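Working notes, structure below.
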Amino acid sequence: MKILVTGGAGYIGSHVCKALAAKGFEPVVYDNLSRGNRWVVKWGPLEEGDIADVARVRAVLDRHRPTAVMHFAAFAYVGESVREPLFYYRNNIGGTTALLQALIDYGPLPFVFSSTCSTYGIPQTIPIPEDHPQNPINPYGFSKMVVERMLADLDLTYGMRSVSLRYFNAAGADPEGEIGEAHNPETHLIPLVLAAARDGTPVDVFGADYDTPDGTCIRDYIHVSDIAGAHLLALDYLLKGGASCALNLANARGYSVKEVVGAAERVCNRSIWVKIASRRDGDPPILIGLAERAQALLGWRPARSALESQIADAWNWMMKDRK
Ligand SMILES: NC(=O)c1ccc[n+]([C@@H]2O[C@H](COP(=O)([O-])OP(=O)(O)OC[C@H]3O[C@@H](n4cnc5c(N)ncnc54)[C@H](O)[C@@H]3O)[C@@H](O)[C@H]2O)c1
């Protein structure tokens, strides 16, 4: 069975491709390589193309006749989205609209969508359940919320079933060290902290005056392999006729930026040089998620949730020679 994986040359998509192949699926990666890497596409063909190109998506659907679609392709940086909102709306909403148009023209398929905790905005309750109001405070989160809404509408009109997975902060790397996080430039905390440990350079901490115990932002880190496992379960759920839903992927446990730096110092056995910088626009102080719905509906349980094992996998991968 083939699965069309948009954004499969990126960080999370590539880990999901590996997990799909391990279960006997053939991932067909559809990616424009704007932010991904050709060398991580190892478990099936790469079809280069933009999700905004309806004719190209349609041709790829006709050629491969996939059983389902997993949609990772998007821009995914909060700060960048605040600086360049239209860039985000064009790619994440406009691009996804075109992709969905091609899919509806072809014939609706089960659809797994990469959503985010950024759709919640500043939480009113911690940990955040799925029925918490979605009031995003940055264009990135808003763009993802709009796509969730589009998917709900497509279910009503065309019966296209989907699972939106609202990830909290993806971290770690393939435990076998074959792939990992390779963004350029990198903006995610753990790889930046580890690069600082490796190079002896400072890492910027954006804001130490938040209303949190140590003044730095608190996030819920979730291992990329656990995210990949949830995609396999969501696919199985949809293939068995499961109804559309939106589910958090989280550990219900948050760590501050300073705690992440401390954990990285222990894992790497090096001290890390921290520079306090001003706050970044669009960052809520605390994001911690409740994932009981994913446990109940999919039977999902994170297996590599300890922060130090997430950091250790990322560190092992970072210290290996890269292609
Ligand atoms: N990394 C996280 O912590 C996190 C958290 C929540 C949600 N997400 C979501 O998960 C998905 C994957 O995130 P990631 O960290 O792997 O990002 P990534 O940037 O590593 O991967 C995204 C991939 O999509 C491709 N892409 C972007 N726009 C495209 C387009 N118009 N056409 C074709 N391909 C395109 C890029 O080239 C890249 O390979 C994104 O949708 C992101 O919003 C990520």
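Just so you know, all these numbers are worked out from the coordinates, no wet-lab data involved. Owing to the predicted nature of the structure, the values given are computational and were not obtained by experimental measurement. All Cβ positions, even for glycine, are placed from backbone atoms using ideal geometry, and neighbour counts span all protein chains on display.
The range 258-306 gives an Rg/Rh value of 1.13, both radii derived from C-alpha positions and Rh following Kirkwood. Normalised by residue number, the volume inside the convex hull of the Cα atoms of the range 44-192 is 140 Å³ per residue. Comparing Cα centroids, the range 1-39 and the range 245-315 end up 24 angstrom apart. The phi torsions of the range 305-310, fed into the Karplus equation with coefficients 6.51, -1.76 and 1.60 and a -60° offset, translate into couplings of 7, 4, 4, 5, 6, 5 Hz, rounded to whole numbers, with Gly and Pro shown as x. Between Glu84 and Gln295, residue separation times 0.36 nm minus the direct Cα-Cα distance comes to 72.3 nm.
Rg/Rh for the chain (Cα atoms only, Rh after Kirkwood) is 0.95. To the nearest ten degrees, helix 224-239 and the longest principal axis of the Cα atoms of the chain are 20 degrees apart. Taking each residue as 0.36 nm, the span from Thr97 to Asp155 lengthens on full extension beyond its C-alpha to C-alpha distance by 19.4 nm. Globularity index of the range 1-123 is 1.04 (Cα radius of gyration / 2.2 N^0.38 Å, N = number of residues).
Run the count for the chain, please: Lys pairs, Cα-Cα under 21 angstrom, 8 or more apart or on different chains. Lysine pairs satisfying the spacing and distance rule in the chain number 12.
Per DSSP H run of n ≥ 4, the term is -39500 (n - 2.57); total these for the chain, divide by its residue number, and report the mean residue ellipticity at 222 nm rounded to 500 deg cm²/dmol. Before the final figure, lay out the partial values.
Numbers: 11 runs with 122 residues, N = 323.
Computed mean residue ellipticity for the chain: -11500 deg cm²/dmol.
For Ile286, the residues 5 or more places off, or on other chains, whose built amide H falls under 5 Å of its own are Ile218. Using only the C-alpha atoms, the convex hull of the range 143-189 corresponds to 133 Å³ per residue. Net charge in the neighbourhood of Val69 (other residues with Cβ under 13 Å of its Cβ; Lys, Arg +1, Asp, Glu -1) is +3.
Amide H to amide H, with H built 1.01 Å from N, Tyr167 comes under 5 Å of Ser115, Thr116, Cys117, Leu249, counting only residues 5 or more places away or on other chains.
Could you work out the equivalent-ellipsoid semi-axes for the range 111-258, taking the square root of 5 times each eigenvalue of the Cα gyration tensor, largest first, in whole Å?
30, 20, 13
Order of 66-74, 177-185, 306-314 by packing, highest average Cβ count within 10 Å first?
Details: 66-74: 24.3, 177-185: 15.4, 306-314: 20.7.
Per-residue Cβ counts within 10 Å, averaged per peptide and sorted highest first, yield 66-74, 306-314, 177-185.
Relative to the present Cα-Cα distance, how much length would full extension add between Arg266 and Ile104 at 0.36 nm per residue of separation? All intermediate terms of the calculation are to be shown ahead of the outcome.
On the way: separation 162, 0.36 × 162 = 58.32 nm, distance 5.02 nm.
Taking Arg266 through Ile104 to full extension adds about 53.3 nm, to one decimal.
Rounded to the nearest Hz, the phi-derived 3J(HN,Hα) couplings of the range 123-129 under the Karplus curve 6.51 cos²θ - 1.76 cosθ + 1.60 (θ = phi - 60°) are x, 8, 9, 10, x, 8, x, where x marks glycine and proline. Compactness ratio for the range 178-323: Cα radius of gyration over 2.2 N^0.38 Å (N = residue count) comes to 1.15.
Taking amide H atoms as placed 1.01 Å from N in the peptide plane, the amide H of Leu109 has no partner under 5 Å among residues 5 or more positions away or on other chains.
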